[in-house]
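Working notes, beginning with the structure itself.
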Amino acid sequence: MTIDEIIDFMGGLDGVLAVRPGPGDGSPEIAWGDTFFYYTPDGTAPKTAQPFATIVTKDLPGDERSRLDRPDVFRVNIAVGKEAFADRTGHAPRGPSADDDPGVGDTVMPHPVYGSAGWLAVVNPGPRTGTTTRELLRLAHHLARSRHERRSG
């Protein structure tokens with residue numbers, strides 16, 4: 001899967017807004033080149049909600065072990081919740097263990113920073129994880145839509 005394929009897939013889900021920060025839009029430079037997916041049926045970027053999925057293209061402070069600074073490497077981050085996290089990993093959400101290698105490609109794993117919040121991650125989803133990545137993105141979308149509906153009444 002490429003970044004554009006993931007963005008196209010997400011665009012096919014109802015109420016998804018993809019925010020792609022870049023020069024001149026007022027966003028911090030550290031976010032440039034990344035993509036943030038929000039559930040927002042009215043199409044406006046929410047001021048208080050967090051994205052339910054992201055694509056990051058570079059190492060961020062505290063997350064250098066992912067080695068996203070390699071050519072053509074990116075990571076999809078997906079908020080799947082505690083139940084799906086446990087189903088996928090076999091354990092409750094927690095921080096990364098010393099044995100985890102968050103830079104391994106085409107593998108579903110706990111997010112190296114936000115795993116304890118129920119986030120999973122996939123570096124360069126490919127033949128082994130493409131279908132699973134889409135399923136997890138659909139689940140995260142469903143959870144975000146449900147949260148939005150509860151808050152909207």
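The values are calculated or read from the model by the stated rules, or taken from the named source; none is laboratory data. All figures in this text were calculated on a predicted structure; none of them were measured in a lab. Heads up, the Cβs are rebuilt from the backbone with ideal geometry, glycines too, and the neighbour counts pull from every protein chain shown. When the accessible area is computed, the model is the full protein with side chains, heavy atoms only, and any ligands, DNA or RNA have been set aside. Shrake-Rupley method; radii C 1.70, N 1.55, O 1.52, S 1.80 Å.
Tabulated data
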read-out: Of the criteria (1) part of a loop (DSSP other than H, G, I, E, B); (2) free of Cβ contacts under 8 Å to residues at least 24 places away in the same chain; (3) surrounded by 16 or more Cβ atoms within 10 Å (Cβ to Cβ), which one Pro125 fails; value: (2)
read-out: Arg138 being among the basic types (Lys, Arg) and within 20 Å of Val19 (Cβ to Cβ); value: yes
read-out: Selection from region 130-149 of residues that are of a type in the set (Val, Ile, Thr), open to solvent by 10 Å² or more (accessible area, probe 1.4 Å) and in contact (Cβ under 8 Å) with a residue 12 or more places away in the chain; value: Thr132
read-out: Selection count where residues are farther than 22 Å from Pro127 by Cα and acidic (Asp, Glu), scope region 1-30; value: 3
read-out: Residue that is nearest to Asp72 (Cα to Cα) [pool: residues in region 1-47 that are in contact with a Pro (Cβ under 6 Å, 6 or more places away or on another chain) and aliphatic (A, V, I, L, M)]; value: Met1
read-out: Arg94 being of a type outside the set (Phe, Trp, Tyr), without any contact (Cβ under 8 Å) to a residue 60 or more places away in the chain and outside any loop (DSSP other than H, G, I, E, B); value: no
read-out: Number of the condition not met by Val104 [criteria: (1) among the hydrophobic types (A, V, I, L, M, F, W, C); (2) buried (at least 19 other Cβ atoms within 10 Å of the Cβ); (3) out of contact with any Gly (no Cβ under 9 Å at 6 or more places or on another chain)]; value: (2)
read-out: Any strands (runs of 3 or more DSSP E) falling wholly within region 1-91 and containing at least 1 residues that are open to solvent by 40 Å² or more (accessible area, probe 1.4 Å); value: 16-19, 35-39
